[in-house]
Amino acid sequence: MQAIGPERRPFTAEVTVSRFEMRGHRFLTLILRNVNDHIAAERRISRLEREAEYLREEIRFLDDSAETVGENDALKNVLRSAAQVAGTDSTVLILGETGTG
């Protein structure tokens, strides 16, 4: 069905008709939806879903490629200690010399 929008431009419409009764009188409700708006919204949703998946993959890549800078024994001990509580909700305070990271 073709309809004319508020800007006096024609558009293809999807139509829904509903019937209801109020105070003993019967009424009809006609709802027109712009099909082009619906198609544009579906395309936008699809684009956003692809973007979200891309970002999830980027985060996975960054998590997998995380490397530790430094190989000294003190750092290894700190990382081992932190790994012991990594799966908990604990707070860890790491102390060291100023400027060491």
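Remarks
- For the chain, built as a Gaussian network whose Cα springs stay under 10 Å, the top-fluctuating residue of Glu53, Glu21, Glu42: Glu21
- Using just its DSSP H runs of length 4 or more, each adding -39500 (n - 2.57), the chain gives a mean residue ellipticity at 222 nm of -15000 deg cm²/dmol after division by all residues.
- Once the Cα-Cα distance is subtracted from the 0.36 nm per residue extended length, the Leu32 to Asn77 segment shows a gain of 9.5 nm.
- Point-charge dipole on Cβ atoms (K/R +1, D/E -1) for the chain, about Cα centre, debye to 20: 1160
- Charge dipole of the chain about the Cα centre (unit charges at C-beta), most positive-ward option of Gly5, Met22, Ser46: Met22
- Residue-by-residue Karplus 3J(HN,Hα) for the stretch 48-55, coefficients 6.51, -1.76, 1.60, Hz, glycine and proline x: 5, 5, 5, 5, 5, 5, 4, 5
- Candidates Thr16, Thr88, Thr29: whichever shows maximal mean-square fluctuation once the chain is modelled as a Gaussian network with Cα springs under 10 Å: Thr88
- Karplus (6.51, -1.76, 1.60) ³J(HN,Hα), θ = phi - 60°, over the stretch 18-34, in Hz, Gly and Pro reported as x: 10, 10, 8, 10, 8, 6, x, 10, 9, 10, 10, 10, 10, 10, 10, 10, 6
- GNM flexibility winner over the chain from Ala40, Ala13, Ala82 (Cα, springs under 10 Å): Ala82
- Length released on extending from Ala40 to Tyr54, taking residue separation times 0.36 nm less the Cα-Cα span: 2.9 nm
- For P(r) over Cα pairs in 5 Å bins from 0, in percent, the value calculated from this model appears in (i) 2, 8, 9, 10, 9, 8, 7, 6, 5, 5, 5, 6, 7, 7, 5, 2, 1, 0; (ii) 2, 9, 6, 7, 5, 5, 6, 5, 5, 4, 5, 4, 4, 4, 4, 3, 3, 3, 3, 3, 2, 2, 2, 1, 1, 1, 1, 0; (iii) 2, 13, 20, 23, 18, 12, 7, 4, 1, 0 under label (i).
Since every read-out is calculated from the coordinates, none of them should be taken as a lab result. If you're wondering where the values come from, they're calculated on a predicted model, not measured in any experiment. Don't worry about glycine lacking a Cβ; one is built from the backbone with ideal geometry, like all the others, and counts go over all protein chains shown.
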